[in-house]
1. Being at pLDDT below 60, small (Gly, Ala, Ser) and surrounded by fewer than 16 Cβ atoms within 10 Å (Cβ to Cβ) is the filter here; which residues of the stretch 85-103 pass it?
2. Please determine, by comparing only the residues of the stretch 218-247 that are part of a loop (DSSP other than H, G, I, E, B) and hydrophobic (A, V, I, L, M, F, W, C), which one is nearest to the chain's Cα centre (by Cα).
3. Can you confirm whether Arg256 is out of contact with any Lys or Arg (no Cβ under 7 Å at 6 or more places or on another chain) and assigned to a helix (DSSP H, G or I)?
4. If a residue must be surrounded by 18 or more Cβ atoms within 10 Å (Cβ to Cβ), of a type in the set (Ser, Thr, Tyr) and assigned to a loop (DSSP other than H, G, I, E, B), how many such residues does the stretch 168-217 contain?
5. Give the residue that is surrounded by the most Cβ atoms within 10 Å (Cβ to Cβ), with candidates limited to residues of the stretch 284-317 that are among the small types (Gly, Ala, Ser) and under 28 Å from Asp263 (Cα atoms).
6. Can you tell me which condition Trp120 does not meet? The list is (1) surrounded by fewer than 19 Cβ atoms within 10 Å (Cβ to Cβ); (2) under 30 Å from Leu62 (Cα atoms); (3) modelled with pLDDT of 95 or more; (4) out of contact with any helix residue (DSSP H, G or I) (no Cβ under 8 Å at 6 or more places or on another chain), and all the others hold.
7. For the stretch 178-211, which residues satisfy the criterion of being over 30 Å from Leu48 (Cβ atoms) and without any contact (Cβ under 8 Å) to a residue 12 or more places away in the chain?
8. So, of the residues in the stretch 267-317 that are farther than 27 Å from Phe235 by Cα and β-branched (Val, Ile, Thr), which turns out to be modelled with the lowest pLDDT?
Amino acid sequence: MITLEQYKEACNYPGRLDQGEVEKNLRAYLKALGVKRTVRRLERGWKLDDHPAIERAARSVLDDFAKWRDALVALDARDARGALDARDAQDARDARDALHRFTEWLIHGCGRAWSWDLSWLATSAFGARQTKSTSVGRWSEPLLSAFDAGCWMLFWTDDTLYWIAKPRAHIEQRGDARRLHRADGPALESDVEVLYFWHGVLVDHHVIMNPKTITREEIDAESNQEVRRVLIERFGYDKYMHNAQVVHEDATGKLRKQIVGNDTICVVEVVNGTCEPDGSFKKYVLSVPPEITTAIEAVAWTYGLSAKEYVSLQVRT
């Protein structure tokens, strides 16, 4: 029986992987439910052509989406919309690629009815122990054991229960918060697909791997505020805000603001007081909250201080 401490350790991905143990417990889980399915691992490099059951499941979901197109806007399912639009595309390969991307989105848990994350579902076993519920324990204990053995997600189809091994996750720690982040590659490396994150924000491949390809037009067209800010950061605040309006200037620097969509981008432009080896003084452009109104307030904010505290500190030094 898996203990709470073992469960906590299993939450440190990727952890151990015992495929035989995973599949034995998933078969026990299916037996407890009274459901017949083949248990099969979905491995890296998978293709729709090799998994007709997955394709049938994805097309069934798309058919439902076609009936409720407006729901896609609320879901903000970009790949889902792309796959839906591609159903009538002339280029069969483009349509196939779009369907595969949609299926990745579906498997990764965005389609909650079909894809289940064991990290939360398996905890039902602990509740069953506390309440002495044998009926819940009968199906949840095998899931907990499968999770401990390396299973991350389940994906249901009409004849197969697919399972996905735990991914390698690249995490940054900010205080008590942990978030996905990696500056030189995918932050989440799973067998379904690899995903790129910048300080917790999901972004496209090129934003991390080839930021020089980011354009001003791409930034201005981005509707997601968090993604837009990442694009600007990777593009370079100095380049993007070079012609932005200077709303305040003092001895500490220049405060610039620019409205993009419904978002206000605010930066402070400062000059390093330490001379470079060639005699020049390096300029820095730093992102600050949009509610800031003065340059000195902005500079103080970068140190975690109020303007008054920053002035007092400068006087003492």
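1. Here is the first cut: in the stretch 85-103, the ones at pLDDT below 60 are 85-90.
After this cut, where a residue has to be small (Gly, Ala, Ser) as well, the list is 86, 89.
Within the stretch 85-103, Ala89 is the sole residue that qualifies.
2. Looking at residues that are part of a loop (DSSP other than H, G, I, E, B) and hydrophobic (A, V, I, L, M, F, W, C), I get Met241.
3. no
4. Qualifying residue count for the region: 1.
5. Here the residue is Ala298.
6. (3)
7. Arg178
8. Thr317
The values are calculated or read from the model by the stated rules, or taken from the named source; none is laboratory data. Everything numeric in this text was worked out from a predicted model, so none of it was measured. Neighbour counts run over all protein chains shown; Cβ positions are idealised from the backbone, glycine included.
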